[in-house]
There are 2 protein chains.
Amino acid sequence: AAFGPVFAQAQPTIRWRLASSFPKSLDTIYGAAEVLAERVRALTGGRFQIRVYQAGEIVPGLQVMDAVQQGTVEAGHTASYYFVGKAQVLAFDTSVPFGLTARQQNAWMYHGGGIELFRPIFADFNIIQFPGGNTGAQMGGWFRKEIKSVADLKGLRMRIPGPGGQVMSRLGVVPQVLAGGDIYPALERGTIDATDWVGPYDDEKLGFYKVAKYYYYPGWHEPGPQLSFYVNLQEWRKLPKEYQQAFEVAAAEANLSMLAKYDQVNPPALQRLIRAGVRLRKWPTDVMKAAQKAAFDWYEEEAAKDATYRKVYTAWKKFREEQYRWFGVAELGYEQFAFPAS
Amino acid sequence: AAFGPVFAQAQPTIRWRLASSFPKSLDTIYGAAEVLAERVRALTGGRFQIRVYQAGEIVPGLQVMDAVQQGTVEAGHTASYYFVGKAQVLAFDTSVPFGLTARQQNAWMYHGGGIELFRPIFADFNIIQFPGGNTGAQMGGWFRKEIKSVADLKGLRMRIPGPGGQVMSRLGVVPQVLAGGDIYPALERGTIDATDWVGPYDDEKLGFYKVAKYYYYPGWHEPGPQLSFYVNLQEWRKLPKEYQQAFEVAAAEANLSMLAKYDQVNPPALQRLIRAGVRLRKWPTDVMKAAQKAAFDWYEEEAAKDATYRKVYTAWKKFREEQYRWFGVAELGYEQFAFPAS
């Protein structure tokens, strides 16, 4: 092997701060940013250094988009649907009720035009975005009382933020927004009747099963939620080409790794919860149907109001329909036979 | 940003040959090796150059493992189950009948100990391996006549290689091994009665629908087949640390990207096939049950004979059972409601 010209190889040392929207205690999600940082460091011989800060260390979790946009930090790791107040269309970069599964989201993003559709939308916020993790289909949430039909949802106070909360409100639920640490006491005191969170692994840590026995599935409100890495556009453009490459490929790996990690830790957590007396319940079909109708009615309303939303929604809906038809064949055909019915 | 010391950055120019087991016409699978090569090149400023050769250019597709082991080429891209003649346990590095789905295979490999379990097994062949793509659940194959029960399989001549063929032979099928280009004429002349291949996108290109109208699903014999990158161990150890990092992360990206690409191209291909008159059929439950029993009977027999197989199979079986219980809840619960039944 011949040694290349040395002058071509001089690369700067660059130090970035990456603000996560998540606490370290959500180790699977938070950890994806560390997977990225570690790989970028190793790929560049230690010269491109990204330090990850948990929510609240530099900015609160819900201010990560502003912080990246303004250059307070060079990068962030977040869920775009936190920022639907800025633009409702951002929800599709994460997940919407009855949306894509994790695999379908990846297909859309990497090969179905998803990343390209969102690039100009994020550029308007001075940001370039990369898929950066997925939880897989979440659980439907924890309920103090059994839900046997849509009627049982009326007036229920449920902690469920974002698009899921929007749809639930159309079914009569009164959605609440509470930070992670405030949920358990509210559920215990009965200030709220129910809460969503993530899935068995994360939910177990917050102990909801001690105060709300009914654990519903599936999380139709988040069938494949994607996390995203954000980078300030000026900082991105300043990077040497190889560092841009390192960031992009490390983001893809973090995306893959986080889902695989959730898939690894959720199964034993579910078994522990069941042994602890959790009552696993499937959503009644009338709830699923009413929620699906409410979701698509809402998307159509938003699409009628906003051209950018309409453009993304139209592409997404066509993609989703094709995906669903195919996944209903080989994948579902296999899984229906092979996986035990709950 | 300060410039680091130049002496630390001198990296050699390295040129590798990577032998693929696949022809360029299988562009989704073959393409994964090009995704890896292109990313490695870009990550290293053009200094680590991997040139991909299709099956037959340097060695035939089924000799890729030998070629990497002996150092004829530095790297390969293949499916480990091609080499069960060397060690039956290698099938678990790809897929076995009623095995893991693509997501579960990733969870096992990256976070469930799968990669680590296989490292010493491959080291015995002078190889280090990396997951390098997945097709997702395949289709069950093309049949000239309808299959209504296990009895209809007796004496059927079906092109189905590897572990799927092993299980099929226990159901009375006479498995045939034919290269891709030889299948269509054999099916047309009636020399064979049926064939498996991959899924809608690849199957459509070979035109099977013109001579065998029944298209069965799911491909229980390959519910989530993984491709693998192989690297000769001496060549691996000679690489600078950053180049090892570049190869490893590019392999992970290629793994993710290939599945996303299949998920992107299969849905429209399936619709085209249906419009061309293909008769989509679900495997009868008695076939699925008989195949599942035959598969696990066979695994138990192999495990009784071979300690390495037993070690991997025992770990895999436990992992699979936990996975299936969890995936039967949130994912399957969602998909059963949302995806249209075929």
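Reachable lysines from B:K305, Cα under 16 Å, same-chain residues fewer than 8 places away excluded? Leaving aside lysines fewer than 8 places away in the same chain, those within reach of B:K305 are B:K86.
Placing unit charges on the Cβ atoms only, positive for Lys and Arg and negative for Asp and Glu, gives the range A:273-312 a dipole magnitude near 420 debye about its Cα centre. Relative contact order of the range B:1-99: what whole-number percent is it, with Cα pairs under 8 angstrom and at least 6 residues apart? Result for the range B:1-99 is 29 percent.
In this structure, the amide hydrogen of A:F48, modeled 1.01 Å from its nitrogen in the peptide plane, lies closer than 5 angstrom to those of A:I14, counting only residues at least 5 positions away or on a different chain. Which residue, chosen from A:G99, A:G61, A:T28, occupies the Cα position most advanced towards the positive end of the dipole of the range A:1-110, where the dipole is computed from +1 (Lys, Arg) and -1 (Asp, Glu) charges on Cβ about the Cα centre? The one lying farthest along the dipole's positive direction is A:T28. For the range B:46-104, a simple Cβ point-charge model (Lys and Arg +1, Asp and Glu -1, everything else neutral) yields a dipole of about 160 debye relative to the Cα centre. The mean number of partner chain beta-carbon atoms within 10 angstrom of a residue's beta-carbon across peptide B:241-253 is 5.
Compared with the dominant Cα axis of chain A, that is its longest principal axis, helix A:180-189 is turned about 10°. Placing pseudo-labels 7 Å out from each Cα toward the beta carbon at B:R119 and B:T13 gives an inter-label distance of 3.3 nm.
Need the full-extension length gain, A:K205 to A:K305, defined as separation in residues times 0.36 nm minus the C-alpha distance. One decimal, nm.
Working: separation 100, 0.36 × 100 = 36.00 nm, distance 4.08 nm.
Contour length minus the Cα-Cα distance gives 31.9 nm.
Counting only alpha carbon atoms, the long axis of helix A:114-123 and the longest principal axis of chain A meet at about 70°.
Hey, how much of the P(r) for the range B:294-342 falls beyond 16 Å, as a percent of Cα pairs?
On the way: 656 of 1176 pairs.
Cα-Cα pairs in the range B:294-342 separated by more than 16 Å: 56 percent.
For chain B, relative contact order (Cα pairs under 8 Å, six or more residues apart, normalised by length) works out to 23 percent.
Separation of the range B:148-180 and the range B:87-120, taken as the distance between their Cα centroids, equals 24 angstrom.
Extension gain for B:L62 to B:R237 (0.36 nm times residue separation, less C-alpha to C-alpha distance): 60.5 nm. Full extension of the chain segment joining B:K289 with B:E188 gains 33.3 nm, where the gain is 0.36 nm per residue of separation less the Cα-Cα distance. Along its three principal directions, the equivalent ellipsoid of the range B:12-55 from the Cα gyration tensor extends over semi-axes of 21, 11, 5 Å, largest first. Placing +1 on the Cβ of every Lys and Arg and -1 on the Cβ of every Asp and Glu, with no other charges, gives chain B a dipole of roughly 460 debye about its Cα centre.
Which number comes out as Rg/Rh for the range B:270-322 once both Rg and the Kirkwood Rh are worked out on C-alpha atoms?
Values: Rg = 17.4 Å, Rh = 13.8 Å.
With Rg and the Kirkwood Rh in hand, the quotient comes to 1.26.
Give the whole-number value, in cubic angstrom per residue, of the convex hull volume spanned by the C-alpha atoms of the protein assembly as shown.
On the way: hull volume 98.8 nm³, N = 684.
Dividing the Cα hull volume of the protein assembly as shown by its residues yields 144 Å³.
Pairs of alpha carbons in the range A:81-206 separated by more than 26 Å make up 31% of all such pairs.
Mean projection of the alpha-carbon convex hull of the range B:229-342 over all orientations, in nm²? Show your work: numbers first, answer last.
Numbers: hull surface 47.4 nm².
Convex hull of Cα atoms, orientation-averaged projection: 11.8 nm².
Panel note: the C-alpha atoms of chain B, placed on their principal axes, show extents of 71, 42, 42 Å (largest first). Distance from the C-alpha centroid of the range A:270-302 to that of the range B:194-263: 34 Å, rounded to the whole angstrom. Of the residues B:A246, B:P284, B:W220, the one whose Cα sits farthest towards the positive end of the charge dipole of the range B:219-329 is B:P284 (charges of +1 on Lys and Arg Cβ, -1 on Asp and Glu Cβ, taken about the Cα centre).
Hey, fewest Cβ within 10 Å first, where do A:K148, B:K261 land in order? Mind showing how you got there, number by number?
Working: A:K148 11, B:K261 24.
The order, fewest Cβ neighbours first, is A:K148, B:K261.
Within the straight-line cut-off of under 20 Å between alpha carbons, the aspartates and glutamates reachable from B:K24 are B:E34, B:E38, B:E57, B:E74, B:D182, B:D196, B:D202, B:D203, B:E204, B:E253, B:D263, sequence neighbours fewer than 8 places apart in one chain being disregarded.
Here, each number is a calculation from the coordinates, and none is a lab measurement. Since the model is a prediction, treat every value here as computed from it, not as a measurement. Using ideal geometry, Cβ is built from the backbone for each residue, glycine included, and neighbour counts are taken over all protein chains shown.
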